[in-house]
Structures are given as C-alpha cells and as structure tokens.
Amino acid sequence: MNLQAIRAIYLFEMSRTFRTLLQSIASPVISTALYFIVFGSAIGQHMATIDGVPYGAFIVPGLVMMTLLTQSIANASFGIYLPRFTGTIYELLSAPVSVVEVLAGYVGAAASKSVLLGAIILVTARFFVPFEIVHPVWMVAFLVLIAVTFSLFGFILGLWADGFEKLQIVPLMIVTPLAFLGGTFYSIDMLPGIWRTVSLFNPVVYLVNGFRWSFYGASDVSPGVSFGMTFVFMALCVGVVTWMFRTGYRLRT
C-alpha cells in the first residue's frame, strides 16, 4: 500500500476545500439553515408530532442526509473530473498507484468533507430546533458509511461525465428529487397504501430512515435493511469503479 500517494491525493483535495470555504462549507450550511428556519422553527410549531417527535426535530436527520448526498457526489465528481479536464489525470495513471490507493485518496477526501459538513449542520440545527441522538455510535456509523458510498458514486459520475453540464444532471435530475420524495420532510407511513409501496422502491427512503432511527429509535423501515441496502450500493460502486480503471473507460481516451 502506497501510503505516500494516498496522503498526497488526500491532502491536495482537502486543501482545495479550505481554499474555497464559502462555496464548500458556508453555502450548503446556510442553505440547510434556511430549511430549519422555515420548516423547523416557523412551520414546525404548527405541525403535529410524528412518531412522538416534534416536526422540527423530525426533519433534522432528513435534511442532514439530503445535504450529505448532494455534497458527497459533488465533491467526489469534481475532484476526479478536474484532472481529466486539465489532462493531469495521465500523470496519475502513469504513476505506480493502484485503484485502491486512488479511491482511498479521492473518496476519502470527499467523504471527510461531507462528514465535516454534516457535523457542522448538526451543530447549526441545535440553534433552531431541539433534538436528541439516541444511538450516537450508529449515527456516526451511518454518517460515515453513506458519505463514503455516495462519494464513490460521485467518483463514478466524475469519470463518466464528458462535460461540466453532465456533472449536474444526475444530482439535479435524479438525486435531489429522490431525496425530497424519500421521507426527508415526512414519514412514508403518512402516505396512502399504493404510494407507500411505490416509496419503498426509492433507495433514499432506506438511507433517511436508517439515519433517523439512530436519532430517535424509530423509523419506517428496519435499520438492518437500511444498512444492508447501503452496503449493497457501496459494493456496486466499488465494482463499477474497478471496471472503469481496468478497462480505461473515459480515462485513456
């Protein structure tokens, strides 16, 4: 294992984040804080409790998860797309660095940024709504696992995209709608029977509910199923990335 290569990639990506703090950290935190103000503090006071949890506190895990998904994808996709765009990717491909080491550097940095952002949002949320974390260890486990998984997905997106426009298509047209329809602002048990069944085909439902369970000990789906679905998706992403590097897909052309 080339630890020096991993460290070099990781530190380079992290330094890019700290050079653009307004864009990387401040912007998503402010955007999420607006959700807490509108839905948590203003509207939440007039909403009934859900599973015994005040509405303002109920949406905290969903909002953190929505930010985590979008930022993990954005950080990882841009991190690997930029070297492709500038041509410096060929230096990486010619270096004695394995796929595992490349993933550890890029995905590790993207996941670290997302976990840091999630922690900042949780602290920010305490200023607007009171909430408890029943299972803090499981909360951290979910946070890290989902950050790594969607950073892998973002890495795939960065290899697949052949233009900056395509970097935005999947997050805006697929991930964001799935996040809004995945129980971020409501419990899927509140939906009519047919729509609840349809919602179970949305993978984000399992992520949001698993994360919410770690906060309040209750969710619409089993936390074990949530962990299982996340691990399956992560394994698929690892397989796709490995295939891309072995075949040189969008890397050597």
Q.
If I fit a long axis through the Cα atoms of helix 55-86 and take the longest principal axis of the Cα atoms of the chain, what angle between them do I get, 0 to 90°, rounded to 10?
A. 10 degrees
Q: Search the structure for amide H atoms under 5 Å from the amide H of residue 50, placed 1.01 Å from N in the peptide plane, and list their residues when 5 or more places away or on another chain.
A: 55
Q: Per residue of the range 231-237, in order, report the coupling 6.51 cos²θ - 1.76 cosθ + 1.60 (Karplus, θ = phi - 60°) as ³J(HN,Hα) in whole Hz, putting x for Gly and Pro.
A: 5, 4, 5, 5, 5, 4, 5
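Given contacts defined as C-alpha pairs under 8 Å and at least six residues apart, what's the relative contact order of the range 198-253, whole-number percent?
Working: 27 pairs, mean separation 13.7, N = 56.
Relative contact order comes out at 25 percent.
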Q.
Between residue 3 and residue 246, what is the label-point separation in nm under the 7 Å Cα-to-beta-carbon projection?
A. 2.9 nm
Q.
Per residue of the range 134-142, what does 6.51 cos²θ - 1.76 cosθ + 1.60 with θ = phi - 60° give for ³J(HN,Hα)? Whole Hz please, x for Gly and Pro, Karplus curve as stated.
A. 6, 10, x, 5, 5, 4, 5, 4, 4
Q.
Using the Cα centre of the range 105-253 as the reference point, and only Cβ charges (+1 on K/R, -1 on D/E), how large is the resulting charge dipole? Debye, rounded to the nearest 20.
A. 360 debye
Q: Rounded to the nearest 0.05, what FRET efficiency do residue 48 and residue 116 give with R0 = 45 Å and r taken as the Cβ-Cβ distance? Could you check?
A: 0.85
Q. What per residue convex hull volume, in Å³, comes out for the chain when only alpha-carbon positions are used?
A. 128 Å³
Q) Mind checking the angle between helix 3-19 and the chain's longest principal axis? C-alpha axes, 0 to 90 degrees, to the nearest 10. A) 60 degrees
Q: Please give the calculated 222 nm ellipticity per residue for the chain, where each DSSP H segment of at least 4 residues contributes -39500 (n - 2.57) and the sum is spread over every residue; nearest 500 deg cm²/dmol?
A: -23000 deg cm²/dmol
**Q.** Cα long-axis angle, helix 203-216 against the chain (0 to 90 degrees, to the nearest 10)
**A.** 60 degrees
Q) Using alpha-carbon pairs under 8 Å, 6+ residues apart, how would you state the relative contact order of the chain in percent? A) 26 percent
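The numbers here are math on the coordinates, done by the rules we state, and not lab data. Please read these numbers as outputs of a predicted model, since none were measured by experiment. Because the Cβ atoms are built from the backbone with ideal geometry, glycine has one as well, and the counts that use them run over all protein chains shown.
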